[in-house]
Each structure stands twice: as structure tokens, then as C-alpha cells.
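Novice: Quick one: the structure is below, questions incoming.
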Amino acid sequence: MLKRFLLALLCWALTPPVLAAIERFVVKDIRVVGLQRIAAGTVFNYLPVKVGDTIGDKNVQDAIRALYKTGFFRDVRLARQGNVLVVTVVERPSIAAIRILGTKEFSEDDLKKSLKQFGLTDGRVFDRSLLDRIEQELRQQYFSRGFYAVIVKPTVTPLERNRVDITIDVHEGSAARIRSINMVGNEIYKDKELRELFTLGPRPWWAVFSSRDQYSKQTLTGDLERLRHFYQDRGYLDFRISSTQVSITPDKSHIYITVNVEEGKKYRIKGTRLVGRLPVPEKELAALITIKPGDVFSRRLVADASKSITDRLANDGYAFANVNPEPEIDKAKSEVFFTFHVDPGKRVYVRRVNFSGNTATRDDVLRQETRQLESGWYSAEQIKRSRTRLQRLGFFEDVNVETPPVAGTPDQVDVNVKVKERATGNINLGVGYSDTDGVIVNASVTQSNLFGSGRELSVSFDNSQSTTNFNVRYVNPYYTQDGVTRGFNAFSSTVDAAQAGTAAYNTSTVGAGVFYSIPLSEDNRIFFGLDVEQIQIETNIASAQVAQDFVARYGDSNSMLKATVSWAKDTLDSTLLPTSGTVHRISGEVAVPGSDITYYKFSYFTSRYWPVTARSSFKTKLELSYGGGYGDTTELPFYKNYFAGGSTTLRGYRSRSLGPRDTLPPNDPIGGNRRVLVNAEYLFPMPGISLEDKSIRLSVFADGGMVYGRDQPLDLGELRYSAGLAFNWFSPVGPLSFSLAKPLNAREGDRTESFQFTLGVPFR
């Protein structure tokens with residue numbers, strides 16, 4: 001007992017006091033000792049003692065705690081010299097530099113950003129306990145990705161001037177691989193079907209570069225939620241995951257996952273009802289609930305119904321509406337009744353529409369396309385429509401719309417439109433290539449957003465082995481406040497058809513015209529145009545028979561007044577790279593009576609995009625075209641014929657090669673007065689590119705088409721088909737397209753061409 005007492009007494013004697021006992025006194029002055037980097041004013045700011053205060057033992061304790069709490073000091077002592085309070089501090093060292101070595105799974109920059117959030121960065125005060133916590137957190141991050149053998153070793157190196165260097169050495173080791181996922185408790189659905197819902201799992205032998213077998217806690221959480229949705233979308237309301245075990249082998253190389261589930265019973269819908277304040281007729285809202293009595297319960301359909309009601313209310317200004325579906329469960333009958341509680345909130349109007357990011361484009365151009373009006377009731381549909389219209393201008397790479405509430409008001413929001421502009425004006429001098437026209441030399445000056453006004457002015461010159469074109473074009477899309485577009489164009493063109501791979505003849509065309517576009521609704525427009533054309537045809541004894549016959553009948557020079565009219569309905573979400581929406585277009589071209597040549601051409605075009613995922617879509621296209629002559633002109637002029645084959649119509653077949661041929665050797669294609677084109681295509685981004693890069697797309701396609709002559713029956717059995725893979729890129733030097741296609745039913749005499757590409761030629 002005596003030995004214990006003496007030992008305790010010795011320990012007490014050798015332990016320095018944390019606090020010195022100070023008799024109460026009035027502080028006449030305060031002196032701080034030991035500061036190196038930290039200003040004395042910082043100490044005075046945190047010190048709860050001021051000159052003139054009376055201080056005793058309790059004040060001393062409070063003062064020391066306050067200074068320690070700042071985290072700036074590793075030691076704080078208070079002493080009295082007369083009526084002067086002496087504060088002696090030892091500063092914590094500052095961090096000179098942080099280095100992270102050996103990381104491959106995480107980038108060093110990302111890790112440093114994370115460390116900065118914890119307060120561990122260059123120039124900050126060093127806290128050893130914080131470094132220990134970060135070490136543990138970093139280890140947990142690696143564990144969450146399956147790197148259970150990771151070693152994290154931080155090293156602190158003292159430097160002069162009370163600084164330290166921190167080096168974090170990471171030896172990642174190898175990630176543990178998933179060997180199996182075991183399902184326990186499932187009877188309704190087989191293990192194989194449920195495992196297919198998981199993005200995690202054993203890697204197939206053929207998936208060499210797959211990371212499917214690399215464990216991730218976050219990914220597993222998502223997989224389990226997907227499993228939960230799978231059951232609850234099929235009626236199993238009571239489904240639950242009772243437990244999940246993740247076990248690792250002793251050598252930390254393999255992981256086994258076991259998921260225990262309780263399926264429960266299948267529920268059906270007993271009925272639904274709406275309650276709450278309904279600013280929209282109840283019948284209209286009830287129609288948005290697609291689940292009906294007797295239907296199998298589906299979590300997804302219930303959520304869709306809530307969203308549909310919310311969206312409908314948002315179109316009438318109730319931007320913050322809340323729809324809460326409350327279930328009433330009858331376990332005995334396996335039925336569930338849903339009551340949709342509707343709280344529309346206050347009706348909201350838009351205070352202001354703000355634009356940002358448009359340095360070249362004037363605000364008034366953006367306002368012309370914006371359908372949500374200031375001081376008008378909030379409309380989610382109009383805001384969505386405004387964004388789509390801005391995207392379709394082609395002036396912007398991205399359009400982002402936010403609707404923050406106005407501070408201090410319960411019924412106002414602002415609409416903030418942020419755009420990222422793309423270059424709309426350019427001067428091009430370049431060389432391109434097309435499978436249609438061969439090498440193309442072009443020069444152009446184009447400004448599709450002239451002086452930021454939204455108007456377009458372009459002057460272009462193209463010269464290839466088969467054509468020479470010169471064109472001047474001016475378009476004012478805001479000719480009237482109602483959205484009427486007016487434009488003018490003047491052009492000249494020469495064609496050497498033999499160089500284009502068709503029957504031999506030459507034409508020279510000059511002309512000018514005016515055109516109008518009139519909106520009928522948000523998605524519908526009609527177009528009118530008038531062009532004056534003068535066409536000169538050159539033939540010789542080597543020219544195609546069809547050209548010689550035409551010149552003999554109608555002469556080698558034709559003047560005409562050409563009228564065009566068309567209707568288009570366009571709901572595409574983007575002009576350049578659409579992912580959803582539909583285009584319908586009916587167009588007609590007529591050489592009016594009094595022209596040297598009188599003819600007509602009509603066509604119907606439709607294309608539709610279905611979004612498949614957030615970054616992919618499926619596209620279909622159909623085009624039907626027909627032309628002929630009237631009055632003294634018995635047929636469609638041969639130089640107005642339709643062609644098929646090539647990258648813009650039917651890939652896998654040589655450009656303009658399908659359809660009728662000239663009667664004279666070498667029997668080159670002459671086109672026809674009727675054409676059928678079909679297309680189906682799945683478009684998706686290039687694997688591995690950034691989510692932000694929308695300029696590159698791959699596609700798997702199937703094309704079909706044929707051209708028919710005047711005397712040929714319209715036999716769809718004659719259609720040619722092809723399938724293949726395409727690459728499209730809006731490159732800095734212009735649009736670039738590659739396709740690799742295989743003709744599926746080529747016949748004898750068809751001219752096939754598997755690989756085709758274009759540079760500096762717009763996409764199809």
C-alpha cells in the first residue's frame with residue numbers, strides 16, 4: 001500500500017501543471033510570447049480576457065480552452081508578471097506541401113480536393129489527429145472499391161520555420177474480385193433472372209476489359225435498389241431485403257455476396273382517389289392516374305401518376321405542387337388503395353427572365369424564342385418549350401434553365417437561362433471529300449448569327465470534280481414579330497454529270513429567289529418560295545441518250561419560274577444532334593405555266609427519334625418522292641431526276657448508282673422520277689468520351705431504297721438494303737462522317753461500295 005502511495009506521489013511530482021494557480025488581479029496589460037506566423041491580434045480576438053478585467057483561476061481555464069479551441073496552438077500557458085497577463089503559446093506547424101504517391105484508382109488532384117475539404121491543404125495549420133482521420137477515411141474509400149489489401153502510410157517531415165511536409169504513400173494492391181452473388185429466400189423468380197439485374201457480378205470470360213467483378217459499395221447499393229424496384233413494380237409491395245453479407249477470402253483476393261430477400265405477396269390495386277385542393281378539374285387530374293382497380297401494383301406507375309399530376313399543375317403556375325400517394329394496405333385480401341394527397345401550394349408567376357453566357361447573341365434574339373413570359377404565370381411546359389427552341393437555333397452547345405424562388409416572396413420565381421455559345425461565324429478555306437462528288441475545294445464566309453441578331457448571311461463557293469457552285473444567301477428569321485422568316489438567295493451551278501458517275505451531260509444554271517417561312521403553331525410552319533432559273537444544257541455525240549433526246553425536243557436552254565411550297569412539323573429537341581422528337585415534311589416544287597419547261601415534284605419525309613437511354617436514341621426515317629411533267633412537257637426533266645446510293649441516301653452502294661440506266665454504253669445511271677428511302681438507326685456516344693462531349697456519335701444502321709423510272713412499276717421488292725456502322729463527328733474542321741456498310745441484297749450489275757466517308761459535308 002505504501003509503495004503505491006509513493007509511486008502516485010512521484011508521478012504527481014513529475015507531471016507539469018496544466019494550469020498555474022493565479023490569484024485574482026486586475027489586468028493592466030496583456031503580452032503574448034511565442035508567436036511566429038499568427039498575428040497577436042488573432043490571439044487577442046479569441047482571448048476572453050481584456051485589459052481592465054479581473055482574472056482568477058476560472059478565467060484562466062476559460063482562456064486556455066478558448067485558445068486551444070482555435071486549433072492554432074499545441075501548447076498554451078498563462079502567467080502573471082505584476083499586473084501583466086503573459087500568454088505563452090507554441091504554434092502548430094503549417095503545411096508546406098502535400099504529396100500523394102502511388103494512387104491509380106483515384107487521381108491525385110481529386111484526393112487533394114477532398115483533403116482540402118477536411119482542412120488539410122498547403123498553408124493550413126497541421127493537426128496530427130486530423131491526418132489520422134483522413135488516413136482512415138482514405139482506407140475506407142479503397143475498401144468501398146474492393147481494394148482490401150491497400151496500405152496507406154502518411155509521413156510528416158519537419159522543416160525550418162515551424163513547417164512540415166506531408167507525404168501519403170499508398171500501396172493499392174489488387175482489387176478483390178467478385179466470385180459469386182448468391183440469392184437466398186427467392187421462390188417466385190429464379191436466381192439467374194435476379195442476378196441479371198445486378199451490374200456487379202463475376203466477369204464473363206469474354207469481357208476482357210470489364211470491371212463488373214470489381215466490388216463497389218456504391219454500385220452494390222444501386223443494384224439492391226434496382227432489385228427492390230423489380231419486385232415492387234410487379235406487385236410485391238412487402239418485398240424487403242432482410243440482409244446483405246459481403247465476405248472476403250483470407251488472402252483478400254475474392255469476394256462473395258449473399259443477398260437475403262423476403263418476397264411477400266403480390267398486391268393488386270383496389271382503387272384510387274384524389275383529395276386536397278384541386279385547382280384543375282378533378283376529372284382531368286384523375287385521367288392522369290393510369291393505374292386502375294384490378295391492376296397489379298406497380299411502384300413505378302404510382303410514381304409516374306404523381307409526377308404527371310405535379311407536371312400538370314406546374315403548367316398552370318403551381319411550380320411547387322406536392323402530390324403524396326398514401327397507400328391503404330389490406331394484407332388479408334392482398335389489395336392496396338391509394339389516396340393521392342394534392343397540395344398545389346401557391347400559384348407562382350415569373351418575376352424576371354434572365355440570360356447569361358450569350359456574349360455574341362443579343363438578348364432580344366433569345367427572348368424571341370422564349371415562350372415563358374415575364375410577369376406571367378409559371379408554366380413548366382412553356383419553360384421546357386423555350387429551352388428546346390433555343391437549342392434548335394444552332395447557336396449554342398448547351399442550354400441550361402433554372403427557376404430559383406425569389407427571396408422573401410412566396411409566389412415568385414426567376415427563370416435563369418444560361419447558354420454556352422458555339423462559333424456561328426467562320427471563314428473556311430478547305431478541302432473535303434464526298435463519295436458523291438470526290439474531292440471538294442470550298443471557300444465560304446458564313447455568319448448564322450449576324451451581329452448577334454439571329455440573321456444569317458453566307459457566301460460560298462464549292463468546286464469538285466463534278467460540280468461548281470456559287471451561292472449567296474441571306475435569312476432574317478425575325479422578319480415580323482409573329483415569327484415570319486424572309487430570305488433571299490442568288491446562285492450559279494455547273495454540273496459535269498459524267499464525273500459524278502452518272503450518264504454524261506453538262507448543265508449550267510443561274511438563278512435568284514425569295515422565300516418565306518410562316519409559323520402556324522409552335523411546331524408547324526409553311527414555306528413559300530419563288531426562284532427564277534436559267535438552265536443551259538451541253539451535249540455531244542458521247543452524251544447520254546436521255547440528254548440528247550431532251551435537247552432535241554425542248555432545246556438546250558430553258559428558262560423557268562419555279563414556285564416551292566412546303567409544310568413541316570418539327571418537334572426535335574435539337575437541330576444538330578437530336579435525341580427525341582419527330583419531323584414531318586410535305587413539299588412541292590412546280591415550274592409555273594409560261595416557263596419553257598413545266599414540271600412538278602412532290603415529296604413526303606418523316607423522321608422520328610426515340611430516346612433509349614440518357615445518351616442514346618433510336619431513329620427511323622421514310623422518304624417518298626415523285627415527279628413528272630405537265631402541259632407541253634411530257635416528263636420530268638432528266639436533270640431534275642432523283643438518285644439513290646451513297647452516304648446521303650443508301651450506304652453500301654456507290655453514289656447515284658441505283659435505278660434506271662441510259663440506253664447508250666456504258667449504260668450509266670440516269671436517275672428516275674420516283675424514289676423510296678427508308679432508314680433505321682441506333683445512335684449512341686463514343687465509349688470512353690466525356691458526358692459533356694456531344695459532338696461525336698456512333699450508330700448501327702439499316703438503310704433501304706430504290707429509284708424508279710417513268711415506265712417502271714413501283715415494285716417494293718426491288719428495294720435494295722444495307723446495314724453497317726457509322727461514325728459522325730462535328731470536328732473543328734467541319735462535319736466528318738465514316739460508314740462501313742454491307743449490301744444485303746445486291747443484284748448483278750449493282751455498284752457496291754462498303755466504305756464511304758465525307759469531310760466538310762453536312763450529315764444526312
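Novice: So Q61 ticks every box in (1) at pLDDT below 85; (2) exposed (fewer than 14 other Cβ atoms within 10 Å of the Cβ) but one. Which box is left unticked?
Specialist: Failed condition: (1).
Novice: Still on this model: Quick one: which residue in F515, F550 is of a type outside the set (G, A, S) and under 26 Å from Y474 (Cα atoms)? Explain how you work it out, then say what you get.
Specialist: Working: F550 fails: under 26 Å from Y474 (Cα atoms).
It is F515.
Novice: Moving to a separate point now. Out of (1) crowded, with 17+ Cβ neighbours inside 10 Å; (2) under 30 Å from R697 (Cα atoms), the odd one out for Y599 is which?
Specialist: (2)
Novice: Quick check, is A149 surrounded by fewer than 19 Cβ atoms within 10 Å (Cβ to Cβ), of a type in the set (G, A, S) and part of a strand (DSSP E or B)?
Specialist: No, not satisfied.
Let's see how each residue does on (1) outside any strand (DSSP E or B); (2) within 18 Å of K292 (Cβ to Cβ):
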{"site": "I309", "(1), (2)": "yes, yes"}
{"site": "A319", "(1), (2)": "yes, no"}
{"site": "A332", "(1), (2)": "yes, no"}
{"site": "H341", "(1), (2)": "no, no"}
{"site": "F355", "(1), (2)": "no, no"}
{"site": "N358", "(1), (2)": "yes, no"}
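Novice: Among the candidates Q245, Q232, single out the residue that is among the polar types (S, T, N, Q) and under 36 Å from the mean Cα position of the chain (by Cα). Reasoning before the result, please.
Specialist: Values: Q245 fails: under 36 Å from the mean Cα position of the chain (by Cα).
Sole residue among the options that is among the polar types (S, T, N, Q) and under 36 Å from the mean Cα position of the chain (by Cα): Q232.
Novice: Right, here's the next one. Test L285 against the criterion of being in contact (Cβ under 8 Å) with a residue 40 or more places away in the chain and either in a loop (DSSP other than H, G, I, E, B) or not acidic (D, E) (or both), and give yes or no.
Specialist: On the way: in contact (Cβ under 8 Å) with a residue 40 or more places away in the chain: yes; either in a loop (DSSP other than H, G, I, E, B) or not acidic (D, E) (or both): yes.
So L285 fits the description; yes.
Novice: Right, something else. For residues in the range 119-142 being touching a residue at least 24 places away in the same chain (Cβ under 8 Å) and assigned to a helix (DSSP H, G or I), which is nearest to E91 (Cα to Cα)? Even if it seems obvious, please write down each step before you answer.
Specialist: Filtering the range 119-142 for residues touching a residue at least 24 places away in the same chain (Cβ under 8 Å) gives 120-128, 131, 135, 138, 141-142.
Next cut, assigned to a helix (DSSP H, G or I) only: 128, 131, 135, 138, 141-142.
On the way: R128: 13, L131: 17, E135: 23, L138: 27, Q141: 32, Y142: 34 Å.
Residue satisfying both the conditions and the ranking: R128.
Novice: Also, I was wondering about something else. Of the residues in the range 621-647, how many are surrounded by 15 or more Cβ atoms within 10 Å (Cβ to Cβ) and β-branched (V, I, T)?
Specialist: Qualifying residue count, the range 621-647: 1.
Novice: Only one of these is within 22 Å of Y318 (Cβ to Cβ), at pLDDT 70 or above and under 18 Å from the mean Cα position of the chain (by Cα): R389, R385, R422, R371. Name it.
Specialist: Details: R389 fails: within 22 Å of Y318 (Cβ to Cβ); R422 fails: within 22 Å of Y318 (Cβ to Cβ); R371 fails: under 18 Å from the mean Cα position of the chain (by Cα).
R385 is the lone residue from the list that is within 22 Å of Y318 (Cβ to Cβ), at pLDDT 70 or above and under 18 Å from the mean Cα position of the chain (by Cα).
Novice: Conditions: (1) touching a helix residue (DSSP H, G or I) at 6+ places or on another chain (Cβ under 7 Å); (2) within 28 Å of N162 (Cα to Cα); (3) surrounded by 14 or more Cβ atoms within 10 Å (Cβ to Cβ); (4) at pLDDT below 85. A66 meets all but one. Number of the miss?
Specialist: Failed condition: (4).
The values are calculated or read from the model by the stated rules, or taken from the named source; none is laboratory data. In this text the structure is predicted, and so the values were computed from the model without any measurement. A quick note on method: Cβ atoms are made from the backbone with ideal geometry, for glycine too, and the neighbour counts reach across all protein chains shown.
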